Amino acid sequence: MEVSSTWNNGSQRKGRHPLFHVEQYRLPLPIPHTLLEVAMTILTPAALAAMIDHTILKAEATLTDVDKVLAECRMHNFASACINPIFVKQAQQKLAGSASRVCTVAGFPIGSNKSTIKAIEASSAVKDGAAEVDLVAHLPYLAAGDLESARNEYLEVARAARAASPAVILKLIIESAYLLALPGEAGERAIETACIAARQAGFDFVKTSTGFHPAGGASVRAVELMAKYGGGLKIKASGGIRTLADAKAMIAAGATRLGCSAGVAIMAELAGSQSAGEASGRSGY
């Protein structure tokens with residue numbers, strides 16, 4: 001379904017929103033709230049599943065735990081299984097032939113490794129079969145507004161990962177809750193810096209959070225700012241998304257991918273709400 005509407009600057013834009021067409025996530029600007037409200041009412045299980053990175057990144061996760069997540073990915077056709085790098089090779093074999101990809105992380109969870117180490121980690125994961133890599137940014141660069149250092153870090157990782165596979169999808173984790181706790185407008189400026197650096201380094205997504213930072217996870221405000229400054233980057237909301245209402249709020253704010261460990265529960269909640277709606281429709285009320 002193609003949508004055409006008047007944006008905040010008065011111009012006419014056309015494009016496809018992921019709720020209508022799950023293969024294409026990007027729009028130049030957030031779509032109007034009136035259209036989003038309509039979209040929320042027709043969110044299908046297939047469309048929602050295709051936006052979820054089904055995640056297990058806890059330090060104590062075993063291969064048995066990961067196998068359960070992989071089976072759930074195959075069952076629901078989630079966008080990806082987001083797992084620790086040590087499990088990538090086995091996961092790639094077990095998800096072969098499914099709709100779900102293997103996603104992993106680099107510099108996780110605090111982002112303070114040297115960029116060379118992050119690059120090696122990302123490249124190794126891609127060689128093992130990862131189709132997507134979520135990189136944790138070095139936060140002091142963003143907090144200081146140091147665009148050059150941030151861009152150089154992301155470029156080094158992008159070059160290494162894409163030397164292993166040009167098609168790899170790269171996402172930049174920026175710990176938006178921490179950045180937005182900075183004083184004054186520093187948080188918004190830091191998110192702007194992150195978006196510019198990620199875009200210039202050739203990343204595909206900016207991502208809110210690891211889900212492990214004490215400052216918190218995703219927020220509507222953070223996703224809105226990432227949409228404001230993304231300039232075509234896709235947005236992954238991650239951290240604290242546990243319910244269908246959480247998922248819908250992030251999508252409405254501009255998220256095009258959701259990272260969560262509650263994907264199965266959210267899918268069940270959507271199925272239940274749609275069943276209730278159908279029953280209500282049949283009753284005439």
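No value in this document is a laboratory result; all are computed from the given coordinates. Computed from a predicted model, the values in this text were never measured in an experiment. Please note: Cβ atoms are built from the backbone with ideal geometry, for glycine as well, and neighbour counts cover all protein chains shown.
One table, with the values for the structure above:
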{"quantity": "Convex hull (Cα only) mean projected area of the stretch 167-285, reported in nm² to one decimal", "calculated": "9.3 nm²"}
{"quantity": "Phe212, Phe108 arranged by Cβ crowding within 10 Å, fewest neighbours leading", "calculated": "Phe212, Phe108"}
{"quantity": "Sequence ranges 153-164, 92-103, 177-188, ranked by mean other-Cβ count within 10 angstrom, highest first", "calculated": "153-164, 92-103, 177-188"}
{"quantity": "Members of Lys118/Lys228; Lys68/Lys248; Lys118/Lys236; Lys58/Lys94; Lys58/Lys248 lying beyond 23 Å, as alpha-carbon distances in this model show", "calculated": "Lys118/Lys228; Lys68/Lys248; Lys58/Lys248"}
{"quantity": "Whole-percent pair-distance distribution, where bins are 5 Å wide, for the alpha carbons of the stretch 139-219", "calculated": "3, 17, 25, 24, 17, 9, 4, 1, 0"}
{"quantity": "Amide proton proximity set for Asp134, modelled H, under 5 Å, gap of 5+", "calculated": "Thr104, Val105, Ala106, Lys171"}
{"quantity": "Those residues of the stretch 41-71 whose amide nitrogen sits under 15 Å from the label point placed on Gln93, 7 Å along Cα→Cβ", "calculated": "63-64, 67"}
{"quantity": "Mean-position separation - Cα centroids, the stretch 130-208 and the stretch 82-99, in angstrom", "calculated": "24 Å"}
{"quantity": "In sequence order, calculated HN-Hα J values of the stretch 51-62 (Karplus, 6.51, -1.76, 1.60; Hz; x Gly/Pro)", "calculated": "9, 9, 8, 6, 10, 9, 10, 5, 4, 8, 4, 9"}
{"quantity": "Packing-based ranking, highest mean first, of 259-271, 138-150 given that Cβ atoms within 10 Å are counted", "calculated": "259-271, 138-150"}
{"quantity": "Among 238-246, 223-231, the order from most to least packed when residues are scored by Cβ within 10 Å on average", "calculated": "223-231, 238-246"}
